[in-house]
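Visitor: My questions will all concern the structure given below.
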Amino acid sequence: MEMQGKSVFGGVAIGRLSIYKKSDNVVKRVKIQDTDAEFKRFEDATVKAKEQLAALYDKAMKEVGETSAAIFEVHQMMLDDLDFRESVANMIKTQNVNAEYAVAVSGDNFSTMFAAMDDDYMKARAADVKDISNRVISVLQGTEDAKLNSDEPVILVAEDLAPSETVQLDKSLLLSFVTRYGSTNSHTAILARTMNIPALIGVDYDESIDGHFGIVDGFKGVLYIDPDEATIEKYRKKQEEEAEKARLLQELKGMPDITKDGRKVKLYANIGGVGDVPAVLQNDASGIGLFRSEFLYLGSETFPTEEEQFNAYRSVVQTMAGKKVIIRTLDIGADKQVDYFNLEHEDNPAMGYRAIRICLEQPDIFKTQLRAIYRASSYGSIAIMFPMIISIDEVRRIKKIVAEVKEELDSQGIEYGDVELGIMIETPAAVWMTEELAKEVDFFSIGTNDLTQYTLAIDRQNPRLDSFYDAHHPAVLRAIQMTVENGHKGGAWVGICGELGADTTLTETFLRMGVDELSVTPSRILAVRSAIRNCDLSK
Ligand code: PEP
Ligand code: MG
């Protein structure tokens, strides 16, 4: 059987299909007779939840360092908390209710109690209690994360995947994503490209395919279920051909990013976290042109502290060993939602309270991040850029906050390095203001994903509009050209960090426009290097 979908990233994956069920944790109250057996269910679920937390701890230790990982240790300890366990046991035994219900009610009670405390630290524990009770309920209901259900790599099939879910998946167990919903320009699609795995959206599957053998053809957008031997053989060959192509590109490692006529180009990589840095090095990028720092927030249960962020940024700059790392400040909102920000529902989130707007309205969050970045800057070469800019006034307000942060660090005797400041050009307003904006900053980085969305008035999250989302539209290309010209006039260098930067059919066009830097997903570095090296701008 074969099903047609839409490709988000090319490549071939062959393996078992595994349906990812979300833990929506709708808990019903059910009367039970055997209360001892029910308490035993709770005990078993607790043991399993602790195993999951231990695994998350190890993963976080590797990817984001000890301070971030510590929360998973705290959660393990909280699961052993006697009062919580007593409350659950008591409910099961005296009210004859199911374990899920007892955990949900006890979790709610404890979390309300913590929330009402004066001490800020204790208050913050309310979210942790909710989190651990949800985890236990997920285990009881058999809806725990797919990553933990499988110890062999699988093709993950899901209704949809939010970026926060995607970052928590164990990348080593993922051969491919297949989803029913989602759009090709969403952040989940971007994550699939970063992970360098084939991904499809818009596949109308039914649950019976769970556990069956499958093949994903990320070039044609097709999912094969229980394919015959001939098809398997054909795709194994295709996989080998792809591996061969990748091997050939490997020969470009160590080669400079320079056109035939001698124009040097900065070829950088986009990352979402510390875990992506090995791919940057393997693919031989000369720097990091976009560190989507919001993924530190998406992967966390609560606001990452200054120390946690500092550790993550320092680890990235140290690993990059003197190569430039451009950190984009928090770009939360729209499709990147985090519960603990408590953002209100909006009818138009893409044009809503997001990114720099949140940072300017909540300077404490912003300053914590800036302090962490500046502290990390003494360990390597860091630049900062700010997302979703629309005006000169915003840039001036940002620079004032940056100056305050530096003064604070000075007065505390904390060292920091020279940090270039840049802005993302991803709104038409910013494009029109590039002449003035260039005088305020060191560089521009064009975010073509949002720039296309706002220029064409096409919601990048809406799969129905995928065919209208045309990043090659002349309006988008003219906006890029104008940005480069005005940037250079005002003394700012100009890069592209949106997905369009990796489109090798446009590499020559961008270089002719004068683009100084291209920042692309690590898996595209060598293909773009090849395109750069094939350009002759003298002709
Ligand atoms: C962009 O908008 O092009 C961009 C790089 O930022 P993001 O995709 O994270 O919105
Ligand atoms: Mg953007």
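The values are calculated or read from the model by the stated rules, or taken from the named source; none is laboratory data. What you see is a predicted model; the values in this text were computed from it and never measured. Neighbour counts run over all protein chains shown; Cβ positions are idealised from the backbone, glycine included. Ligands, DNA and RNA are excluded from the accessible area calculation, which covers all protein heavy atoms including side chains. Shrake-Rupley method; radii C 1.70, N 1.55, O 1.52, S 1.80 Å.
Visitor: Given the conditions (1) under 12 Å from ILE14 (Cα atoms); (2) buried (at least 20 other Cβ atoms within 10 Å of the Cβ), and given that ASN185 satisfies all but one, which numbered condition is not satisfied?
Guide: The number of the failed condition is (1).
Visitor: Kindly indicate which of ARG247, ARG263 is basic (Lys, Arg), over 16 Å from GLN168 (Cα atoms), in contact (Cβ under 8 Å) with a residue 40 or more places away in the chain and more than 16 Å from ligand 1 (Cβ to nearest atom).
Guide: On inspection, the qualifying residue turns out to be ARG263.
Visitor: Another question, then. Only residues that are open to solvent by 70 Å² or more (accessible area, probe 1.4 Å) and either over 30 Å from GLY501 (Cα atoms) or in a helix (DSSP H, G or I) (or both): list them for the range 409-425, please.
Guide: The answer is ASP410, SER411, GLN412, GLU415.
Visitor: Another question, if that's okay. Taking into account only those residues within the range 444-466 that are open to solvent by 40 Å² or more (accessible area, probe 1.4 Å) and in contact with an Asp or Glu (Cβ under 8 Å, 6 or more places away or on another chain), which is farthest from PRO387 (Cα to Cα)?
Guide: Checked the range 444-466; the qualifying residue farthest from PRO387 (Cα to Cα) is LEU465.
Visitor: Would you confirm whether or not the range 254-274 contains a residue that is under 30 Å from ARG180 (Cβ atoms) and surrounded by fewer than 19 Cβ atoms within 10 Å (Cβ to Cβ)?
Guide: no
Visitor: Let me ask another. Filter the range 390-400 for residues that are more than 16 Å from ligand 1 (Cβ to nearest atom) and surrounded by 15 or more Cβ atoms within 10 Å (Cβ to Cβ) and give the result.
Guide: GLU394, VAL395, ARG397, ILE398
Visitor: Does TYR469 satisfy being modelled with pLDDT under 95, among the hydroxyl-bearing types (Ser, Thr, Tyr) and either crowded, with 22+ Cβ neighbours inside 10 Å or within 16 Å of ligand 2 (Cβ to nearest atom) (or both)?
Guide: Working: modelled with pLDDT under 95: yes; among the hydroxyl-bearing types (Ser, Thr, Tyr): yes; either crowded, with 22+ Cβ neighbours inside 10 Å or within 16 Å of ligand 2 (Cβ to nearest atom) (or both): yes.
So TYR469 passes the test.
Visitor: For THR329, work out the one condition from (1) among the hydroxyl-bearing types (Ser, Thr, Tyr); (2) closer than 21 Å to SER381 by Cβ; (3) more than 16 Å from ligand 2 (Cβ to nearest atom); (4) in contact with a Ser or Thr (Cβ under 8 Å, 6 or more places away or on another chain) it doesn't fulfil.
Guide: Of everything listed in (1) among the hydroxyl-bearing types (Ser, Thr, Tyr); (2) closer than 21 Å to SER381 by Cβ; (3) more than 16 Å from ligand 2 (Cβ to nearest atom); (4) in contact with a Ser or Thr (Cβ under 8 Å, 6 or more places away or on another chain), THR329 misses just condition (3).
Visitor: As an exercise: evaluate LYS234 against (1) assigned to a loop (DSSP other than H, G, I, E, B); (2) modelled with pLDDT of 90 or more; (3) charged (D, E, K, R) and give the number of the one condition it does not meet.
Guide: Exception for LYS234: condition (1).
Visitor: Residue check: is LEU421 away from ligand 1 (no atom under 11 Å from the Cβ) and within 14 Å of VAL494 (Cβ to Cβ)?
Guide: The answer is no for LEU421.
Visitor: From the residues in the range 33-84 that are modelled with pLDDT under 90 and over 29 Å from the mean Cα position of the chain (by Cα), which one is most open to solvent (accessible area, probe 1.4 Å)?
Guide: LEU82
Visitor: Next question, about the same structure. Within the range 487-539, can you find the residues that are aromatic (Phe, Trp, Tyr) and surrounded by fewer than 22 Cβ atoms within 10 Å (Cβ to Cβ)? So that I can check it myself, show each step before the final result.
Guide: Let us first name the residues in the range 487-539 that are aromatic (Phe, Trp, Tyr), namely 493, 510.
Once the filter is applied, which keeps residues that are aromatic (Phe, Trp, Tyr) and surrounded by fewer than 22 Cβ atoms within 10 Å (Cβ to Cβ), the range 487-539 yields only TRP493.
Visitor: Identify all residues within the range 250-288 that are within 19 Å of ARG314 (Cβ to Cβ) and of a type in the set (D, E, K, R); write none if there are none.
Guide: ASP276
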